[in-house]
1. Using Cβ contacts closer than 10 Å as the measure, can you line up 150, 182, 243 from fewest to most?
2. Expressed in whole Å with the largest first, what are the equivalent ellipsoid semi-axes of the stretch 143-280 derived from the C-alpha gyration tensor as the square root of 5 times each eigenvalue?
3. Between residue 156 and residue 209, what length comes free when the chain is fully extended (0.36 nm per residue of separation minus the Cα-Cα distance, one decimal in nm)?
4. If you stretched the chain out fully between residue 223 and residue 31, how much longer would it get, using 0.36 nm times the residue separation minus the C-alpha to C-alpha distance?
5. Between residue 239 and residue 81, with labels modelled 7 Å along Cα→Cβ, what's the label distance in nm to one decimal, could you check?
6. For the stretch 111-167, what's the radius of gyration and Dmax over Cα atoms, in angstrom?
7. Report the label-to-label distance for residue 99 and residue 165 in nanometres (one decimal), using points 7 Å from each Cα along the Cα→Cβ vector.
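Every number in this text was worked out from the coordinates using simple rules, so none of it is lab data. On a predicted model such as this, the values are computed, not experimentally measured, just so you know. Cβ placement follows ideal geometry from the backbone for every residue including glycine, while neighbour counts extend to all protein chains displayed.
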């Protein structure tokens, strides 16, 4: 939407807008034109995923003070609508009854305040024209950063193991005090996966039986990923889906996407901030 279209939408003449540029104080409706253009830029830079609260934060970073209600009104006037998340539906984990189950070390434990205190992991499935594609990720609960991820056409133990290995490479430091939390899926109770954790001195933790809400942060990430990365698009191939996931996680979610739980910082920004604090 260009300047002419914005002026028309907000019922402001272009001459009135340009005249406003030379006034010390102008009409609020004319001011809306300038703000609407900034809102439009912020919305599209967020890949059409930000609502008024996050766009308000972007405005503040630019030194533009405006309330979220005003921004919401301007978004509505321009037809700027965010991708809606689907309602969360609990799913059943396929467990191996003969494998050992780790206790839930996160129960009644306060939210982590430092990096590498708690990692969360989970597996989801994504539709493609070639069939289901499975995705496993490793997340630092403190920063919400995705440390490692992997895709595969099957649910073999190789899938979460690759995600874990990539996360370990990303965090090349001592992880002796790390708690690694997952559900009770057979991939996470397998001997191979448990040995990976033991070799690094990592404590394994698992959700209670049939209680997906014990890993609610991961479930929230899945909803975000499916809404913002795919938005009801079914990729034609596994390779295309993997490419879309790479683009979303590595170029948007980790370095750019603002999180309300992180004081409206991206995971990368939040980690930089917390590292400065911890080093002082």
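1. Details: 150 22, 182 27, 243 12.
Ordered by Cβ neighbours within 10 Å, fewest first: 243, 150, 182.
2. On the way: eigenvalues 108, 104, 46 Å².
Ellipsoid semi-axes (Å, largest first): 23, 23, 15.
3. On the way: separation 53, 0.36 × 53 = 19.08 nm, distance 2.12 nm.
Value of the extension gain: 17.0 nm.
4. Working: separation 192, 0.36 × 192 = 69.12 nm, distance 3.62 nm.
Roughly 65.5 nm would be gained on extension.
5. 3.5
6. That works out to 12.6, 42 Å for Rg and Dmax.
7. Here the modelled spin labels are 1.7 nm apart.
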